[in-house]
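What follows is a short report on a single structure.
What follows draws every value from the coordinates through simple rules; no lab data is involved. Bear in mind the structure is a predicted one, so any value in this text is a computation, not a measurement. Virtual Cβ from ideal backbone geometry, glycine too; neighbours counted across all protein chains shown.
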Amino acid sequence: MQALHKNQLEMMIQRQIVERGITDARVLDAMRRVPRDRFFPGEDKEVAFEDRAASIGHGQTISQPYIVALMTASLDVNQNCRVLEIGTGSGYQTAILAHLADVVYSIERIKPLLDDAWERLMEMNVRNAHFRHGDGTLGWPQAAPFDRIIITAGAPDLPRTLLLSQLQDGGIAVLPTGPINEQELVVVKRCGQELQVTDLCPCRFVKLIGQAGWSEV
């Protein structure tokens, strides 16, 4: 990692994440090990460390660093976890999860984004992530159940069918849900056939498109 970008990364972690109350050492270490600028096109690398979401093309975004850290910390991933990620996007969140979990299964509906993310993670020698092109709202039933589920696009409602069929009992999910302009980032814990929901903060993500999400039009 270039010295300049390494310094920018460390400043990003201290000012945008630690100073906002996220101090989980494993999450901070994972974010230090993943060079965020590698997930931006050449001409956009200078915005990689800014405190905001950024476009990655195809109408999609990479979340601001704080939101990535908040979602990751709230997911409470450990090295024994099998994680389902819905919305691969640039692959940045995937790479961070791969440093924390046993294995990550990531689904993306936009094929060019998926291809680019796969190439990035292969170049970074991430070998415990599996990728699929398809409707993320249907999950990955062949690999279920999962200990953790993270959804990086906003669902209109809590995806109860997905969570009750593919999240392990006792497992945790983190996702945004609600109307486009009034989304809430939530943590969900499955307890038998009950889903315990805790609000984290207001947020704004792109739409979760699919059979159990928003329509594309």
Revision key, fill the gap. Sole miss for VAL174 among (1) touching a residue at least 60 places away in the same chain (Cβ under 8 Å); (2) aliphatic (A, V, I, L, M); (3) in contact with an Asp or Glu (Cβ under 8 Å, 6 or more places away or on another chain) is condition (3)
Practice item. All but one of (1) farther than 20 Å from GLU119 by Cα; (2) more than 18 Å from the chain's Cα centre (by Cα) hold for ARG52, so report the exception by its number. Key: (2)
Point to revise | Test for ASP76: is it under 28 Å from LYS189 (Cβ atoms) and touching a helix residue (DSSP H, G or I) at 6+ places or on another chain (Cβ under 9 Å) | key: no
